[in-house]
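Asker: Got a structure for you, written out below as structure tokens; questions coming shortly.
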Amino acid sequence: MMRESDGKPSSRSVRLVALAGIPLAAPGDDIPALVVQGLEASGERVVDGDVLVIAQKLISKSEGRLVRLDTVQPSAEAITLAAKTGKDPRVVELVLSESKEVVRVGPGVIVVEHRLGFVMANAGIDVSNVAQDSGDTALLLPEDPDRSCRQLRDAIKARCGADVAVIIIDSHGRAFRNGTVGVAIGVAGIAALWDRRGALDLYDRPLQVTEVGIADELAAAASLMMGQADEGLPLVLVRGAVVPRREGSAAELARPKRQDLFR
């Protein structure tokens, strides 16, 4: 909420557009070109301060993060975990290879600390919305989502002349709530975590502990526009969001283990 000069709250709006015309990605695809294609197909253009929110699968596919399961040899640990969870041992082996630590195991799920630092189910490995023409295929998260965001941001500035921020998002569950939400796994051009400590509340008291996961809030809003099934809308343009502009990183959102009260 913002305030007018007389101190009264004023209205605020944010515009989100799920861009049309984005095809299914394949290894080696030029993602900046697909972004421009989506903007043109939707009658949009980017301006300074916009945020582009892009689905992880589009980036992972373009970066060739596809793994044929018939090339995976499960380890003894993977076979044991597969028996406990009912999962494919080959998928479990990929989960282990992408993880630092197994946190929890249950029917159909392995919660891990991903190598990127996020605690998540199945290391973000998925087979949904992945073409299976040549046998069972799994899709891994991007190797370095922050780097992917920086590269896309630079490319859009070069092609479109606009200084935009970029967020790569994935769908995550929450330990104590049902349902998945969009979260940021890569960030460039804005703060992922907005430290509001010291800012004044409505009664002019300084905030003591408030840190806002601003990249996750934008991710959740964009995920609502993208959908979760066959919508085929992997890119959302966000305009008007009030966010701190700096060289952020999704690593800001990963709670250090020493502060984690639940592990």
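Asker: Can you list, bin by bin at 5 Å, the percent of alpha carbon pairs in segment 117-263, starting at 0?
Answerer: Using 5 Å bins, I get a P(r) of 2, 8, 15, 19, 20, 15, 11, 6, 3, 1, 0, 0, 0 for segment 117-263.
Asker: Can you find, among PHE262, ALA219, VAL187, the residue sitting farthest towards the positive end of the charge dipole of the chain, where Lys and Arg contribute +1 and Asp and Glu -1 at Cβ?
Answerer: About the Cα centre, the residue reaching furthest to the positive side is PHE262.
Asker: What pairs from LYS84/LYS257; LYS157/LYS257; LYS61/LYS87 go past 32 Å between their alpha carbons?
Answerer: LYS157/LYS257
Asker: Quickly work out the LEU224-to-VAL242 label distance, labels modelled 7 Å from Cα along the C-beta direction, and quote it in nm with one decimal.
Answerer: 1.8 nm
Asker: Something else about it: When the chain is fully extended, how far beyond the present Cα-Cα distance does ALA162 get from ASP136, taking 0.36 nm per residue of separation?
Answerer: 5.3 nm
Asker: If you take the beta carbon distance between VAL127 and ASP204 as r and set R0 to 45 Å, what does 1/(1 + (r/R0)^6) give as a FRET efficiency, to the nearest 0.05?
Answerer: Approximately 0.30, to the nearest 0.05.
Asker: Once fully extended, how much extra length lies between ARG15 and LYS257, figured as 0.36 nm per residue of separation less the alpha-carbon to alpha-carbon distance?
Answerer: Residue separation times 0.36 nm, minus the Cα-Cα distance, leaves 83.5 nm.
Asker: Moving on. Please identify which residues in segment 88-103 have an amide N closer than 17 Å to a label point set 7 Å out from the Cα of ALA76, following the Cα→Cβ vector.
Answerer: Once the point is set 7 Å along Cα→Cβ of ALA76, 93 turn out to lie under 17 Å by backbone N, inside segment 88-103.
Asker: Which distance in nm do the two modelled labels at SER97 and GLU231 give, with both placed 7 Å along the Cα-to-Cβ direction?
Answerer: Reported label-point gap for SER97 and GLU231 is 3.2 nm.
Asker: Let me check against my output: what whole-number percent is the relative contact order of the chain, with C-alpha pairs under 8 Å and at least 6 apart?
Answerer: RCO, the chain: 23 percent.
Asker: Which semi-axes, in whole Å and largest first, does the equivalent ellipsoid of the chain have when worked out from the alpha carbon gyration tensor as the square roots of 5 times its eigenvalues?
Answerer: Result for the chain: semi-axes of 34, 25, 14 Å.
Rule-based calculations on the coordinates, nothing more; no lab input. All figures in this text were calculated on a predicted structure; none of them were measured in a lab. Every residue, glycine as well, gets a Cβ built from its backbone with ideal geometry; the counts of neighbours run over all protein chains shown.
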